[in-house]
Amino acid sequence: MKKFLRFLYIFVLLILIILCAIKPPAVETNILKAIIPSETELVDLSGKYSSKVNVLIESDDIENVYAATDLFNQEVDKSDIKSVSADVNKILEVYKKHRGGLLSKNYETLLLSGKFDEVKNQSLQKLYNPLQILVLSPQEDPFFLLTDFLENLGGTSDIITFNDKYYKILNYEFDDNIALSPSQLNKKVEKMVNIQRKLSDNDVKIYLTGAPIHSYFASSRSIIEINIIGIFSILFVCSLCFYYFKTLKILIPMLLSLLAGCIAGYCMTGIFFGNIHILTFVFSTTLIGISADYSLHYFVSKTPDKTPEETINNIIKSLTCGMLTTCSAFLILLFSKTLLLKQIALFTISGLFGVYLFLILFYPILCAKINSNSKKIPQINFKGKKILISGIIILSVIGLWRLNYNDNIKSMYVPSKELVNAEKIFSEVSRAKSKTSFIIVEGKDLEDCLEKEEKISDILNLTEYQAMSRYIPSVQKQKQNKNLIERLYSTEKTDYVTSPQKYPQTPDLVFSEENFPFLNNFIYEKNKTIMLLYDFDSPELIEGIEGVKYFDIQKDVSNIVKTCRQNCSRLFIPVFALLFVILAIIFGVKNSIKIMLPSMLASLFVIGLTGILGIDINLFHILAVFLLIGFGLDYSIFRFNGSKQVNDAVFMSCITSVFSFMLLSLTGFKLISSIGFVLSIGLLTSYILSIFLISKD
Amino acid sequence: MPPYGLGSLRSHGAYAKIRPRNDVNLILRYNIFVKKILLFLVFFIGTIVVKAAAIKDIANNLPQMKSVSCTFKQQKTFGNTVLNSGGDFQFIENKGVVFKTKYPIQSTTTYSSASNKQINEIILAISNKNYSYLEKNFDVSFEKLSGGSWNLDLTPKNSAIKAHLKSIFINGDSNIKRIVINSVNNGKTDISFVCGK
């Protein structure tokens, strides 16, 4: 029978691998997609400008700025950088051909209110302005309406002077194929960082800012941290195993069971969801811990007088209970609305089941010849049980009163001082606006979108904004402008133009990608355009306009994270209820309370401790509590159900997990350090409580 | 831990999502990019690699100019029309120029106004001896005259600029004394300065 089951296990695993190989799941790295997959517009908008690098060149001497700019431009690899080539003469010709309906907002307002003389006065100022360059001659455009229209679109200097220093800003945007590949993007950024280091000296400073730069430095730092943590964890586990079992051979079946579990989890999640979010991998590292727990449980129980089959029979109840309760805890997550939680649940359940079956079916074969001389770990005899438990409860209650939440996703990452400084200087030099929000305008066609944009601009009396309608007014607006210009020509005459002044009868200006390639960035999709608003904070004013959606990315994302955190918190009740029911069926009501108490108290304690230490609770603290329940319950079940030797297995499981998660809690990436903090403190508490609350007697 | 490394979390826009402040900067740069395209339309800045040796010599011969207040007279000619104006002029070191036109209309043109930046930048480039700026945009002819005076002729290099600006002539000694701007649509603008009197 077991032979058949082994064959079936391998067969199912192979089928999963084949199915996955036919359609390999993509790895999703966009963090927002993990929590807000349905809010595609918000995800798209936030990602729209994330492949751009800003290079800021600073020097006391303007010549050094120019020299460094030329060198940087020469050295940078432009093969994968997006370029929007715009023939400025061609665009200008297009504007000239359609100038009859083009008016700046200022002139439009003046003409609408009948202040024709004021328009004439302003055109005289342009005429006499010594520094003025006119786009059309006074004969062609006596009121310089086109010059005024173009001037009002804005402009910036070639070199910026700030705090007695000269600055030049260069912008590079990577092609989508590079931007979507983290490893390729990091390679490209690394080249830029090398150029930066090469060209920076005492005379010239070069600052790099933008999402790819932060990604590069953060990932470089994370890789170093993770490598160090990985090496220390492996050394610790190996040392402990060698100390206890006097052999490292047990690591082979442990790694094989982990491999089988990971394949099962990866394939199932990939087949079911089509893609796997990278955070799913991070959270599913629990599998490593749990598979190690199961294996340690086996090896500690395996005494020389027992056959492998007998050892399995001895521990099968504990293992099955542990597996069932952990799977149940994750099962509830399958019914949440968050993609990340669903993926974590499926990955962990499938993986755990794979590890469990591997151990039951294959350990008797694989471990038949592994002889370990287990050493008894001395038990701590602590007398102040009641004081300790009371202390944990009191601290939990005090901490829970002091809880603070922080759902601001911005706080998840703390960049280095150098990057913060670069962002600060860049922001000051470029006079970056403190806040940018978006509006997506949907219309029947592009003309409808442009009309809506103009309506929004009028309602909000916008001055600081960017939209396609600023560059290409709607046909409706152009018709209105034509009437105004015609009235201006008939009302006001200019004495500096001798030839007859004729109103320019020109065709309407319409968008074409060929003429205005740079305006493509304002098109979200067919019949949808994007407006960018600066320092705007009154979205209520545009509520009710059909087809208009306002996005304040930071606020919207934080709200979604908050909702996600609240939804996760609410899942604790059904998770504990389900676990209680399962444990009550197996062990009885009284015992199930006993088994659950350590995990429950540890969860409350670790959350309370964040309150006492003044750490703000975030979504990832809450998610880590689910993992804590999974681990902690196993400890209690093993202790409750196992022999005295099992205490050693639980101790070793606990100490290896706590050590690894404690190292993770020291990382610079808050998401990971949050998980590390909850699991290291929580598991230690859960273990200590299980010693006091659960005894074989 | 999966083989991807936690670093991958930071990539592909992940940072932008978790640090919206950065979005502001990115979007602003995008905004400036769009503005720049339009700025090109208005000001026709070109970039062409040129020989730098000669222009370095020219820059060495130009005096370092200090802040100064002057009066100016301007004559604009287009077609048969000649327009005369005048007023006060101020050169502020490292910032640029301010024209206060007093007749026939009253108006003030400052260096900070977006529409005046291009000509202002040329004047700044000359006064700051910023030969890189000049060499990128113009063919430069320099003549050193007796008594410390000099003439500088700037002719745009590429067709985009040539289509709108014919030439700029500048005469000066320790200060700029005369500027003549020959433009395609603007006719000729001849400005003379009297400083320090």
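General observations
- Residues in region A:276-306 reached by a label modelled at A:ILE231 [backbone nitrogen below 13 Å; 7 Å Cα→Cβ]: none
- The reciprocal of the average 1/r between distinct C-alpha atoms defines the Kirkwood hydrodynamic radius, which for region A:590-655 equals 13.0 Å.
- Over region A:423-525, volume per residue of the alpha carbon convex hull, in Å³: 188
- The fewest-to-most ranking of B:LYS177, A:LYS115, A:LYS168 by surrounding Cβ atoms within 10 Å reads A:LYS115, B:LYS177, A:LYS168.
- One decimal place: the segment A:ASN202-A:CYS238 gains 8.0 nm when fully extended, by the rule 0.36 nm per residue minus the C-alpha distance.
- Estimated D of region A:47-135 in µm² per second, where Rh is the Kirkwood radius over Cα pairs and Stokes-Einstein applies at 20 °C, 1.002 mPa s: 118
- Nearby lysines by direct alpha-carbon distance to A:LYS2 (threshold 23 angstrom, same-chain neighbours under 8 apart not counted): A:LYS302, A:LYS306, A:LYS317, A:LYS369
- Extending 7 Å from the Cα toward the beta-carbon at both A:LEU403 and A:GLU540 defines two label points whose distance is 3.1 nm.
- Estimated FRET transfer efficiency when R0 is 41 angstrom, pair A:LYS306-A:THR563 (beta carbons, to 0.05): 0.20
- In this simple spin-label approximation, A:GLU418 and A:THR161 carry label points 7 Å from Cα along the Cα→Cβ vector, and these lie 3.1 nm apart.
- Based on the Kirkwood approach, the hydrodynamic radius assigned to region A:618-692 is 12.4 Å, with every pair of different Cα atoms included.
- Among the listed pairs A:LYS205/A:LYS410; A:LYS479/A:LYS502; A:LYS165/A:LYS424, those beyond 20 Å (Cα-Cα): A:LYS205/A:LYS410
- Share of pairwise Cα separations in region A:117-212, more than 15 Å, in percent: 74
- Between 0 and 90 degrees, the angle of helix A:646-665 with respect to the longest Cα principal axis of chain A falls at about 20 degrees.
- Region A:245-358: proportion of alpha-carbon pairs further apart than 16 angstrom, %: 60
- For A:VAL193, A:VAL557, B:VAL194, order by how many other beta-carbon atoms lie within 10 Å, fewest first: B:VAL194, A:VAL193, A:VAL557
- Measuring between alpha carbons in the structure, the pairs from A:LYS115/A:LYS493; A:LYS337/A:LYS528; A:LYS126/B:LYS102; A:LYS105/A:LYS444 lying more than 19 angstrom apart are A:LYS337/A:LYS528; A:LYS105/A:LYS444.
- Residue separation of A:LYS78 and A:ASN520 scaled by 0.36 nm, minus their Cα-Cα distance, works out to 157.0 nm of gained length.
- Where Rh is the Kirkwood radius over Cα pairs, Rg/Rh for region A:191-322: 1.19
- Pair A:SER183, A:ASN275: separation of 7 Å Cα→Cβ label points (nm): 1.8
- Other protein chain C-beta atoms within 10 Å of residue C-beta, averaged over A:212-218: 6.
- Residues A:SER686, A:SER411, sorted so that the one with the fewest Cβ neighbours within 10 Å comes first: A:SER411, A:SER686
- Taking the C-alpha atoms only, the angle from helix A:589-613 to the longest principal axis of chain A is near 40 degrees.
- Per residue convex hull volume, Cα atoms of region B:65-108, in Å³: 78
- Relative contact order of chain A, pairs being alpha-carbon contacts under 8 Å that are 6 or more residues apart, as %: 20
- Per-residue mean of foreign Cβ neighbours for A:513-526 is 1 (Cβ atoms of other chains, 10 Å radius).
- Rounded to the nearest 10 degrees, the angle from helix A:251-273 to the longest Cα principal axis of chain A is 40 degrees.
- Radius, Kirkwood style, for chain A when every pair of distinct Cα atoms is counted (Å): 30.1
- Extension gain, A:VAL510 to A:ILE22, is 171.0 nm, computed as 0.36 nm per intervening residue step minus the present C-alpha separation.
- Once exposed loop chymotrypsin sites (Phe, Trp or Tyr not before Pro) are cut out (DSSP; at most 15 other Cβ, 10 Å), longest piece of chain A: A:1-334
Bear in mind that the values in this text are calculations on the coordinates, not laboratory data. From a predicted model like this one, the values you see are computed outputs, not experimental measurements. With ideal geometry, Cβ positions are generated from the backbone for all residues, glycine too; neighbour counts draw on all protein chains shown.
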